[in-house]
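Student: So that we are looking at the same thing, I have put the structure below in structure tokens.
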Amino acid sequence: MAGRDKRRRAAPLEGDEQQLRRRLEEAALLLRRIKGLVRWIVEEVAAGRSPSIVLHRYRNYCSSADSASPSPCACSYDIPVGTDVLSLLHKDYHTSRLNVLLRVLFVVQHLLQQNKHCSKRDIYYMYPSIFVEVAVVDRAINDICILFKCSRHNLNVVPVVKGLVMGWIRFMEGEKKVYCITSVNAAFSIPVDIEAIKDVVSVAHYILVVEKETVFQRLANDKFCERNRCIVITGRGYPDIPTRRFLRYLVELLHLPAYCLVDSDPYGFDILATYKFGSLQLAHDANLLRVPDIRWLGVFTSDFEEYCLPDCCLLRLSPEDRRKAEGILARCYLHREAPEWRSELEAMLQKGVKFEIEALSANSISFLSHEYIPQKIKQGMHL
Ligand SMILES: [Zn+2]
């Protein structure tokens, strides 16, 4: 479908009317393609044949990289690494996968026809005995996106948002005013529907992404945005699709640098990597969701000694932490695109310790917002 390439270059620069027209055209095209597919399946079955669908398989990274001699792999943001063949008449796992796909497609068709939206959980509750669990619906939605080369929002399947934003920005979300700029220390929900955003105005100099809501709240309490011309975003842990799309949208539209602050542990690093490289689950869409130029502001293992943080904040890496870190170290994208990030994670593993962002507040409650972050940004101390 035309959506993918078109959106990449045009979306943030279009006017509202153009954007609306493009969305309607995309929905109409998708509907035609769904109908075409269903008609073809019915004709095949009627003719006594077993219709099968070829689905590309995507992988934005693998874990086969060897630190000594990183061998080239097939991972790519755009090129599939293999295919699955889903057939309707053979009795196997792929039959039920195609069965689920067609049922979800039926729901999507209704959503598009009526211009309505719903969540994957809503879809699950329409046929719970067939779908068994939400993850099955999730898989089918991914399959549909791959089949029609589109993204989830094109299907009108929307998530429940959890991301927050504050700072020097204002915009419209449909007819709703989201004027963060009138109260820069207050948290606003990140919009579910990025396509509905218009009239964006911002005087920010950079975007700061923080891993956790507690840190976001710390910055709000310290009036961080009043003292610093910026936009602060949190995905509250692993970021959902709207948070990642919103960040990507702002970075492209406003041409601002984005910095990311995460805990000094393997989970913090994985969250950071999700922002930069995308997740494996959504590998087929990673290139539209990721922010390749995001910079890692901290916290680094070396910060602990550098800022004389108290020993009580330092924890040993658990066996699970070590396994997680080793798994991440083997990911091919770190070798290819971020060797300096990889070295930093290696240093964490070698030292065998971890600590949270909040450790920076242990000696002085506002140290993080008054000194650590502004100094690091001013002095370019990031990776
Ligand atoms: Zn790979």
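The values are calculated or read from the model by the stated rules, or taken from the named source; none is laboratory data. None of these values were measured; they are calculated from a predicted model. Quick reminder, even Gly has a Cβ in these numbers, built from the backbone with ideal geometry, and neighbours come from all protein chains shown. SASA here: full protein model, heavy atoms, side chains in, ligands and nucleic acids out. Shrake-Rupley method; radii C 1.70, N 1.55, O 1.52, S 1.80 Å.
Student: Taking the Cα centre as origin and putting +1 on Lys and Arg beta-carbons and -1 on Asp and Glu beta-carbons, what dipole magnitude results for the stretch 164-378, to the nearest 20 debye?
Tutor: Computed charge dipole of the stretch 164-378: roughly 340 debye.
Student: Another one. Along the three principal axes, how long is the stretch 164-378 when you take its alpha carbons, biggest first, rounded to the nearest angstrom?
Tutor: 51, 43, 26
Student: Could I ask something else about it? Can you give me the angle between helix 339-351 and the longest principal axis of the chain, using Cα atoms only, in degrees from 0 to 90, rounded to the nearest 10?
Tutor: With both axes taken from Cα atoms, the answer is about 60 degrees.
Student: Would you mind counting up the charge near residue 38? Only other residues with Cβ under 13 Å from its Cβ, with Lys and Arg at +1 and Asp and Glu at -1.
Tutor: Result for the neighbourhood of residue 38: +3.
Student: Moving to a separate point now. Shape call for the stretch 190-301 from the C-alpha gyration tensor, a ≥ b ≥ c root eigenvalues: rounded (a/c under 1.5), prolate (a/b greater than b/c) or oblate?
Tutor: Verdict is oblate for the stretch 190-301.
Student: Now for a separate question. What aspartates and glutamates could a cross-link reach from residue 35, if we take a straight Cα to Cα line under 20 Å and drop same-chain neighbours fewer than 8 places away?
Tutor: Once the sequence-local aspartates and glutamates are set aside, what remains near residue 35 is 25, 26, 43, 44, 143.
Student: Output the Kirkwood hydrodynamic radius of the chain, Cα pairs only, in Å rounded to one decimal.
Tutor: On the way: mean 1/r = 0.0442 Å⁻¹.
When all Cα pairs of the chain are included, the Kirkwood radius is 22.6 Å.
Student: May I pose another question? Take residue 302 and residue 74, extend 7 Å from each Cα along the Cα→Cβ direction, and tell me the distance between the two endpoints in nm.
Tutor: Taking the two extended label points, one gets 3.9 nm.
Student: While we're here: About the Cα centre, and with charges only on the beta carbon of Lys, Arg (+1) and Asp, Glu (-1), how big is the dipole of the stretch 107-182? Nearest 20 debye, please.
Tutor: About 220 debye.
Student: Oh, and also: With viscosity set to 0.692 mPa s at 37 °C, what whole-number translational diffusion coefficient in µm²/s follows for the stretch 118-244 from Stokes-Einstein and a Kirkwood radius over Cα pairs?
Tutor: My calculation gives 203 µm²/s for D.
Student: Per residue, how much accessible area does the stretch 231-359 have with a 1.4 Å probe, in Å²?
Tutor: With all protein chains present, the stretch 231-359 gives 36 Å² per residue.
Student: So, with +1 on the Cβ of K and R and -1 on the Cβ of D and E, and no other charges, what is the size of the charge dipole of the chain about its Cα centre, to the nearest 20 debye?
Tutor: Working: 52 positive and 46 negative charges, 254 e Å.
That gives a dipole near 1220 debye.
Student: With axes computed from alpha carbons, what is the tilt in degrees of helix 241-254 against the longest principal axis of the chain, rounded to the nearest 10 within 0 to 90?
Tutor: 70
Student: Okay, moving on. Report the full-extension gain for the segment residue 125 to residue 358: residue separation times 0.36 nm, less the Cα-Cα distance, to one decimal in nm.
Tutor: 79.9 nm
Student: Right, another one. Report, by chain and number, residues whose modeled amide H sits under 5 Å from the one on residue 208, excluding near sequence neighbours (fewer than 5 apart, same chain).
Tutor: 231, 232, 233, 259
Student: From the residues 158, 147, 299, which one has its Cα farthest along the dipole of the chain in the positive direction, the dipole being from +1 and -1 charges on Cβ of Lys/Arg and Asp/Glu about the Cα centre?
Tutor: Checking the options against the dipole of the chain, the answer is 147.
Student: For residue 43 paired with residue 200, estimate the spin-label separation in nm (one decimal), with each label point 7 Å from Cα along the Cα-to-Cβ line.
Tutor: 4.3
Student: Using only the heavy atoms of the protein chains and a 1.4 Å probe, how would 381, 126 rank by accessible area, largest first?
Tutor: Final ranking, largest accessible area leading: 126, 381.
Student: With loop defined by DSSP as not H, G, I, E or B, and exposure as at most 14 other Cβ atoms within 10 Å, which is the longest segment of the chain clear of exposed GluC sites (Glu not before Pro)?
Tutor: Values: sites that count: 133, 175.
Maximal segment without exposed cleavage sites: 176-383.
Student: I want to check the label-to-label distance for residue 99 and residue 312. Put each point 7 Å from Cα in the C-beta direction and report it in nm to one decimal.
Tutor: Label at residue 99, label at residue 312, 5.9 nm between them.
Student: Can you tell me the orientation of helix 319-329 relative to the chain, as the angle in degrees between its alpha-carbon axis and the longest Cα principal axis, to the nearest 10?
Tutor: Taking Cα atoms only, the helix is inclined about 70 degrees.
Student: Say we join alpha carbon atoms closer than 10 Å with springs in a Gaussian network model of the chain; which of 294, 233, 146 then has the biggest fluctuation?
Tutor: 146
Student: Roughly to the nearest percent, how much of the accessible area of the stretch 164-378 is carbon and sulfur, given a 1.4 Å probe? Please report the intermediate quantities before stating the final value.
Tutor: On the way: 4140 of 8340 Å².
For the stretch 164-378, the apolar C and S fraction of the accessible surface comes to 50 percent.
Student: How much of the DSSP bridge set in the chain is antiparallel, in percent, rounded to the nearest 5?
Tutor: Of all bridge pairs located within the chain, approximately 65 percent are antiparallel.
Student: Further, regarding this structure: Charges on Cβ only, +1 for Lys and Arg, -1 for Asp and Glu, centred on the Cα centroid of the chain; of 289, 375, 99, which one is farthest towards the dipole's positive end?
Tutor: 99
Student: A further question follows. Where in the stretch 169-209 are there trypsin sites (Lys or Arg not before Pro) that are in a DSSP coil and have at most 11 other Cβ atoms within 10 angstrom of their Cβ? Before the final figure, lay out each step's value.
Tutor: Numbers: sites: 170, 176, 177, 198; in loops: none.
Counting only loop positions with at most 11 other Cβ atoms within 10 Å, none of the trypsin sites (Lys or Arg not before Pro) in the stretch 169-209 qualifies.
Student: Roll a 1.4 Å probe over the protein chains and send me the accessible area per residue for the stretch 107-153 in Å².
Tutor: 47
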